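Q: Pasting a structure below so you can have a look.
None of the figures in this text is laboratory data; all of them are computed from the coordinates on show. Small disclaimer: the values here were computed from a predicted structure and weren't measured. Ideal geometry is used to build each Cβ from the backbone, glycine not excepted, and the neighbour counts take in all protein chains shown.
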Amino acid sequence: MAKAIVTHLPEGVSVPAHIGIIMDGNGRWAKKRGMPRKVGHREGAKNFRAITRYAKALGVKYITYYAFSTENWKRPKDEVDAIMDLFEKYLDEVRDFIEENIRVRFIGDRSMLSETLQRKMKGVEEDSKDFDSMTLVLAINYGGRDDICHSVRQIVAMACRGEITESDVTEELIEKNLYTEEIPPADLIIRPSGEQRLSNFLIWQSAYAEFYYTNILWPDFRGKDLEDAIMAFNNRNRRYGGIDTK
Ligand code: FPP
């Protein structure tokens, strides 16, 4: 049985319902140690498990990780293969999350992934669909622009079938047809490793998210760092385009 996690957030701190994480800095982590980049990805993949457990202990309801972007195919083949292997290996282990009552979902275009991966992804989603302690979302071959195109294509198809007309195209309809479907918008996006950009991650879903950047490389990012991000989130003033009413 996994060791119980002791968290350290002070009483009364509000925990964001949906946190998105860009797992950046794996390559630099490995380079600093004179190791191949894929070792950094292996450490990064290990850390994603630890942080997911920590987030669950904190009461986070949705956590989305950017594991592989639509642009990451540009990397050398052996690096792409290493990431896909890690993903496949961890897909088998993700079954542990099922025992932890964690629902697992994938977002992104699966058609370019191997049939084995696609089958395993479907199986994990199916087996975990009724679990409700937390939803773990893995973005694989995901791009925010591609997500919006995917939604628009579905809406155009509905229009061609005569099911909707122009006035039915609302933000809600676009949202319902994104890969994220029923997953709520992101509240907090965390990007480690010192880069300060979204890199095509959840662009629609993070319209009102708070952003948190840190220089720590992803394999070194710990539960305490997640708590620091949540504390920073608590000091932000989310107005959603309105004004202060306090
Ligand atoms: C970004 O760091 C990281 C990636 C593009 C891949 C992340 C993939 C994993 C952690 C492994 C597979 C995922 C799971 C969930 C098992 P980078 O390579 O851009 O780092 P750098 O900027 O330091 O070069």
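Q: Scan the chain and note any complete DSSP helix (H) whose C-alpha atoms cover at least 30 Å along its axis and whose Kyte-Doolittle average is -1.0 or more.
A: Numbers: long enough: 37-58 (31 Å, -0.92).
What comes out of the filter, once short or polar helices are dropped, is 37-58.
Q: How high is the relative contact order of the chain, in percent, counting Cα pairs under 8 Å that sit 6 or more residues apart?
A: Working: 362 pairs, mean separation 66.1, N = 246.
The value is 27 percent.
Q: Grab the beta carbon distance between Glu115 and Arg28, set R0 = 35 Å, and tell me the FRET efficiency rounded to 0.05.
A: On the way: r = 33 Å, r/R0 = 0.95.
That gives a FRET efficiency of 0.60.
Q: Right, something else. How fast does region 14-66 diffuse by Stokes-Einstein, in µm²/s, taking the Kirkwood radius from C-alpha pairs at 4 °C and 1.567 mPa s? The partial results should precede the final answer.
A: Values: Rh = 12.0 Å.
Translational diffusion coefficient: 108 µm²/s.
Q: Also, I was wondering about something else. Evaluate the distance, in nm, between pseudo-label points positioned 7 Å from the Cα of Ile5 and of Glu125 along their respective Cα→Cβ axes.
A: For the pair Ile5/Glu125, the computed spacing is 2.5 nm.
Q: So which GluC sites (Glu not before Pro) in region 181-246 end up in coil per DSSP with only 15 or fewer other C-beta atoms within 10 Å?
A: Details: sites: Glu181, Glu182, Glu195, Glu210, Glu227; in loops: Glu181, Glu182, Glu195.
Within region 181-246, the qualifying GluC sites (Glu not before Pro) (loop, at most 15 other Cβ atoms within 10 Å) are Glu181, Glu182, Glu195.
Q: Please report the equivalent ellipsoid semi-axes of region 117-188, computed as sqrt(5 x eigenvalue) of the Cα gyration tensor, largest first, in whole Å. Could you put the intermediate results ahead of the total?
A: Numbers: eigenvalues 135, 44, 34 Å².
Each semi-axis is √(5λ); the values are 26, 15, 13 Å.
Q: Could you give the nm distance between label points at Ser167 and Asp85, where each point is 7 Å from its Cα heading toward the beta carbon?
A: It works out to 5.8 nm between the two label points.
Q: Between Asn235 and Glu181, 0.36 nm times their residue separation minus their Cα-Cα distance comes to what? Write out the running numbers ahead of the final one.
A: Details: separation 54, 0.36 × 54 = 19.44 nm, distance 2.93 nm.
My answer for the length gained is 16.5 nm.
Q: If eta is 1.567 mPa s and T is 4 °C, what Stokes-Einstein diffusion coefficient results for the chain, Kirkwood Rh from Cα pairs, in µm²/s?
A: Numbers: Rh = 19.1 Å.
So the translational diffusion coefficient is about 68 µm²/s.
Q: Please identify the trypsin sites (Lys or Arg not before Pro) of region 136-184 that satisfy two criteria: DSSP loop assignment and at most 13 other Cβ atoms within 10 Å. Which are they? Walk me through the numbers on the way to the answer.
A: Working: sites: Arg145, Arg153, Arg161, Lys176; in loops: Arg161.
Sites meeting the loop and neighbour criteria: Arg161.
Q: Express in nm, to one decimal, how much length is gained between Arg145 and Met158 on full extension, taking 0.36 nm for each residue of separation and deducting their alpha carbon distance. Don't skip to the end; give the middle numbers.
A: Details: separation 13, 0.36 × 13 = 4.68 nm, distance 2.02 nm.
Stretched fully, the Arg145-Met158 segment lengthens by 2.7 nm.
Q: May I ask for the Rg/Rh ratio of region 1-97, computed from Cα atoms with Rh as the Kirkwood radius, given to two decimals? Display every interim value, and only then the final one.
A: Details: Rg = 15.4 Å, Rh = 15.1 Å.
Rg divided by Rh gives 1.02.
Q: Assuming a ≥ b ≥ c are the square roots of the Cα gyration tensor eigenvalues, decide whether region 41-169 counts as rounded (a/c under 1.5), prolate (otherwise, with a/b larger than b/c) or oblate.
A: Details: a/c = 2.08, a/b = 1.38, b/c = 1.51.
Since a/c reaches 1.5 but b/c is at least a/b, the shape of region 41-169 is classed as oblate.
Q: Going by average Cβ density within 10 Å per residue, which order do the peptides 166-174, 197-205 take, highest to lowest? Present the calculation step by step, with values, prior to reporting the outcome.
A: On the way: 166-174: 10.6, 197-205: 18.2.
Per-residue Cβ counts within 10 Å, averaged per peptide and sorted highest first, yield 197-205, 166-174.
Q: Still on this structure, I have one more. Relative contact order for region 114-246 using alpha-carbon pairs under 8 Å, separation at least 6, rounded to a whole percent? Let's see the in-between values first.
A: Numbers: 95 pairs, mean separation 26.7, N = 133.
That works out to 20 percent.
Q: Sticking with this structure for a sec: So if the hydrodynamic radius of region 56-113 is defined as the Kirkwood radius over C-alpha pairs, what does Stokes-Einstein give as its diffusion coefficient at 25 °C and 0.890 mPa s, in µm² per second?
A: Details: Rh = 13.3 Å.
For the chosen part, D equals 185 µm²/s.
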